[in-house]
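So the structure is just underneath, and the comments pick up after that.
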Amino acid sequence: MKAFAQTADSVAWTSKKTEKIRLLAEYLGARPVAEAAMAALFFSGRAFPAWEETTLQVGGALLWRLAAESAKVSDEELSEAYRRYGDLGNAVAEVFGARQKQPAAPEIFLPELAESFRKIAATRGPAAKSQILRPLLARATGNEAKYIIKIMLGDLRIGSKESLVEEAIAKAFEVSAKDVQRANMMLGDIGETLCLAAAHKLEEARLRLFHPIGFMLASPVESAEEAFEAYGAEVRFSVEDKYDGIRAQAHIGGKDGHRVVRIFSRTRDDVTESFPELVQPLASLEGELVLDGEIIAWEQLSDDAGRAMPFAELQKRLGRKQVAEALLTSVPVAYLVFDILYCDGELMIDQPLERRYEILASRLALTRNYEPLVTIDPQGKLAFEPSVTGKNHKTEIIRAPFVQAASPEELEELFLMARERGNEGLMLKDLQSCYTPGRRGRAWLKLKRELATLDVVVTAAEYGHGKRAGVLSDYTFAVRDDQEGNKLLNIGKAYSGLTDVELAELTRWFLEHTIVDEGFRRQVEPRIVLEIAFNNMMKSDRHASGFALRFPRILRIRPDKLPEEIDTLATVREIFARQHGQKSPVP
Ligand code: AMP
């Protein structure tokens, strides 16, 4: 652990990416493989592999208490240090001071840390969890405690993202970075990836059914013209509606009679139990499949037509382990499938989208109940009509229709039609593009409702006034600096836009996840992601990001997004440049 912490410190010190990679590679290459595998996981800011659902379930408040206790400092002293760094790990290192290892205490090695994390995850309640963590912190030096806490909070904040660790593995074991990235994508386990790289067996990595892989993401465009410009004249692209629901990856396998279906959300959580009505229709598809699509609340209009209900309806179904019968009837859902990633032992992601569409259509048609549903209407209208909802009047699984647009005007018309159908806007997809899991590229573009929105994370919450006294209703929020060690930089503050129920739930959450209690205001763990709309963006010294938003409004909470996925300072600069008619982003 000592060497791990020292390496992490060195990585934090340098801002050069190549130097960070070199330092990580040097460390990983020099350790026994099993230990290096654990380190790779921890350097990625994870206590457990990405594909696993295991979480520590330890809030910042508990870590805070234990750290203060272990360092024998008061809450105020820790608060003061926290304010200096804005990071609990760094604050803890400071209050631990020059504390050295007790000569009699055994050193902490990574396998012990890994095992302790497993035990913490397996126990329930803060008291039991403390019993495991307390003795560990008691033996840790300041530097070790710093990184134990950072790993537990899910971010080392030393500018070592998982992609950097992938590059370091490639360098350490002299294999191609692309192969490492690909193996990690399929396994969802950076430690296991390292073991394969060390053995020069990366080609053995296979996608495993029921282990979710990353989702392909889209880049925003603000107008139909911009979309055409972005693709250029050569690229043919498809146009789908952008459904306002939650992204879902369905894994289907097993033998007849024992078919297994698992549905994973964008955070790779298993959400199958929240959508029981999708299980049987998915199980009735033939073969082994991994599908990508969006689950939306669905209103059946007639036997063979329906439409999306607003996201607020779907929200009633989220976060529930058991869905009451009444809710199944009042908010039925449908799974709009738009991609296929795996099919009977074959990975599909390297096939061009055009081909994946064909395979998807044929796979859905394989089952008696489903017709081939692709409809490209020669008039260029997106048909969300009888043909796409299936013949058996069962609308749970729907193949998302797509069309093509020949001009910005046609695309604009499609956008308005999508909005009329109750959808958010359009998704545009390069027909020749491969599926790139976990990456946001320009192959998929999204054209949305608001001119500009930002996904941000809440860093502090304040009590409101009047009706909202006693409710933490005013939120300060941040974007991520993708260059400077992934630091969070505040960009604004907003209070309107959420329902009373949402505010009550968030208040409860913030109270439990407060890092610093300043009385009227609480600095909170940066976990809650919001989507913010605003009218304009200005340069300003008010916030650390150097920008401020005019009339920010909270559009909604994004439980489906991880804090790592929020927008970056680079995106903010781009929006600013666009809004102010500049060609290139401001420096
Ligand atoms: P955003 O969440 O605004 O970044 O937009 C990307 C999200 O749109 C994806 O993660 C999906 O959940 C959702 N989405 C809705 N319809 C589609 C579609 N047809 N293709 C891809 N993603 C879609």
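The values are calculated or read from the model by the stated rules, or taken from the named source; none is laboratory data. Quick caveat, the model's predicted, so the values are computed rather than measured. Neighbour counts run over all protein chains shown; Cβ positions are idealised from the backbone, glycine included.
Among the numbered conditions (1) surrounded by 15 or more Cβ atoms within 10 Å (Cβ to Cβ); (2) farther than 30 Å from TYR231 by Cβ; (3) among the aromatic types (Phe, Trp, Tyr), tell me where PHE534 comes up short.
(2)
Quick check on region 421-431. Is at least one of its residues buried (at least 19 other Cβ atoms within 10 Å of the Cβ), away from the ligand (no atom under 12 Å from the Cβ) and either among the aliphatic types (A, V, I, L, M) or part of a loop (DSSP other than H, G, I, E, B) (or both)?
No, region 421-431 contains no residue that is buried (at least 19 other Cβ atoms within 10 Å of the Cβ), away from the ligand (no atom under 12 Å from the Cβ) and either among the aliphatic types (A, V, I, L, M) or part of a loop (DSSP other than H, G, I, E, B) (or both).
Could you tell me whether HIS200 is in contact with a Phe, Trp or Tyr (Cβ under 8 Å, 6 or more places away or on another chain), more than 16 Å from the ligand (Cβ to nearest atom) and outside any loop (DSSP other than H, G, I, E, B)?
no
Looking at region 221-241 only, could you name the residues that are surrounded by fewer than 20 Cβ atoms within 10 Å (Cβ to Cβ) and either near the ligand (Cβ under 9 Å from one of its atoms) or at positive phi (or both)?
Residue satisfying the conditions is GLY232 alone.
Table: residues versus (1) more than 30 Å from ASP339 (Cβ to Cβ); (2) not in a strand (DSSP E or B).
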{"site": "THR436", "(1), (2)": "no, yes"}
{"site": "LEU445", "(1), (2)": "no, no"}
{"site": "VAL458", "(1), (2)": "yes, no"}
{"site": "SER473", "(1), (2)": "yes, no"}
{"site": "ASP482", "(1), (2)": "no, yes"}
{"site": "SER496", "(1), (2)": "yes, yes"}
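Yes/no matrix, rows are residues, columns are (1) within 15 Å of the ligand (Cβ to nearest atom); (2) at pLDDT 80 or above; (3) in the same structural domain as SER223 (by TED's automatic domain parsing):
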site	(1), (2), (3)
THR395	no, no, yes
ALA400	yes, yes, yes
VAL403	yes, yes, yes
SER407	no, yes, yes
LEU416	no, yes, yes
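Of the conditions (1) in the same structural domain as PRO552 (by TED's automatic domain parsing); (2) within 23 Å of the chain's Cα centre (by Cα); (3) over 17 Å from GLU565 (Cα atoms); (4) of a type outside the set (A, V, I, L, M), GLU525 fails just one. Which one is it?
(3)
Out of curiosity, is ILE158 in a loop (DSSP other than H, G, I, E, B), away from the ligand (no atom under 16 Å from the Cβ), out of contact with any strand residue (DSSP E or B) (no Cβ under 8 Å at 6 or more places or on another chain) and hydrophobic (A, V, I, L, M, F, W, C)?
yes
Would you check if there is a residue in region 303-326 being part of a strand (DSSP E or B), among the hydrophobic types (A, V, I, L, M, F, W, C) and either surrounded by fewer than 16 Cβ atoms within 10 Å (Cβ to Cβ) or in contact with a His (Cβ under 9 Å, 6 or more places away or on another chain) (or both)?
For region 303-326, residues part of a strand (DSSP E or B), among the hydrophobic types (A, V, I, L, M, F, W, C) and either surrounded by fewer than 16 Cβ atoms within 10 Å (Cβ to Cβ) or in contact with a His (Cβ under 9 Å, 6 or more places away or on another chain) (or both): present.
Could you look through region 258-294, keep only residues that are more than 16 Å from the ligand (Cβ to nearest atom) and among the hydroxyl-bearing types (Ser, Thr, Tyr), and pick out the one that is farthest from ARG320 (Cα to Cα)?
SER284
May I ask you to list the residues in region 296-305 that are touching a helix residue (DSSP H, G or I) at 6+ places or on another chain (Cβ under 7 Å) and either within 16 Å of the ligand (Cβ to nearest atom) or without any contact (Cβ under 8 Å) to a residue 12 or more places away in the chain (or both)?
Of everything in region 296-305, those that are touching a helix residue (DSSP H, G or I) at 6+ places or on another chain (Cβ under 7 Å) and either within 16 Å of the ligand (Cβ to nearest atom) or without any contact (Cβ under 8 Å) to a residue 12 or more places away in the chain (or both) turn out to be ILE296, ALA297.
Just to be sure, is VAL479 outside the structural domain of PHE237 (by TED's automatic domain parsing), within 30 Å of PRO126 (Cα to Cα), within 17 Å of the chain's Cα centre (by Cα) and within 16 Å of the ligand (Cβ to nearest atom)?
In short, no.
What number of residues in region 17-51 are free of Cβ contacts under 8 Å to residues at least 12 places away in the same chain and either part of a helix (DSSP H, G or I) or among the acidic types (Asp, Glu) (or both)?
3
Count, please, the residues in region 242-257 that happen to be more than 16 Å from the ligand (Cβ to nearest atom) and either aliphatic (A, V, I, L, M) or more than 17 Å from ARG208 (Cα to Cα) (or both).
Adding up the residues that qualify gives 3.
Among the numbered criteria (1) over 24 Å from the mean Cα position of the chain (by Cα); (2) hydrophobic (A, V, I, L, M, F, W, C); (3) surrounded by 22 or more Cβ atoms within 10 Å (Cβ to Cβ), which single criterion is violated by VAL33?
(3)
What single numbered condition from (1) within 21 Å of the chain's Cα centre (by Cα); (2) free of Cβ contacts under 8 Å to residues at least 24 places away in the same chain fails to hold for GLU518?
With (1) within 21 Å of the chain's Cα centre (by Cα); (2) free of Cβ contacts under 8 Å to residues at least 24 places away in the same chain applied to GLU518, the lone miss is (1).
When LYS72 is evaluated against the numbered criteria (1) under 26 Å from VAL524 (Cβ atoms); (2) touching a helix residue (DSSP H, G or I) at 6+ places or on another chain (Cβ under 6 Å), which criterion, by number, is the only one it fails?
It fails just one condition, (2).
Mind listing whichever residues of region 166-187 are within 30 Å of LEU447 (Cα to Cα) and under 18 Å from the mean Cα position of the chain (by Cα)?
Within region 166-187, GLN181, MET185, MET186 meet the criteria.
Condition check: touching a Ser or Thr at 6+ places or on another chain (Cβ under 7 Å) and under 23 Å from HIS211 (Cβ atoms). Does GLU286 satisfy that?
yes
So PRO212 fits all but one of (1) in contact with a helix residue (DSSP H, G or I) (Cβ under 8 Å, 6 or more places away or on another chain); (2) under 26 Å from LYS446 (Cβ atoms); what number is the exception?
Against the list (1) in contact with a helix residue (DSSP H, G or I) (Cβ under 8 Å, 6 or more places away or on another chain); (2) under 26 Å from LYS446 (Cβ atoms), PRO212 comes up short only on (1).
Pick from TYR342, TYR357: which is over 30 Å from THR499 (Cβ atoms), among the hydroxyl-bearing types (Ser, Thr, Tyr) and either without any contact (Cβ under 8 Å) to a residue 12 or more places away in the chain or more than 16 Å from the ligand (Cβ to nearest atom) (or both)?
TYR342
Please identify the pairs in which a residue from region 548-560 that is within 16 Å of the ligand (Cβ to nearest atom) has its Cβ atom under 6 Å from the Cβ atom of a residue that is modelled with pLDDT of 90 or more and in a loop (DSSP other than H, G, I, E, B), counting only partners at least 6 apart or on another chain.
Qualifying pairs under 6 Å: ASP560/SER265.
Within region 432-461, track down each residue that is surrounded by fewer than 19 Cβ atoms within 10 Å (Cβ to Cβ), at pLDDT 90 or above and of a type outside the set (Ser, Thr, Tyr).
Passing the criteria: GLN432, CYS434, ARG442, LYS446.
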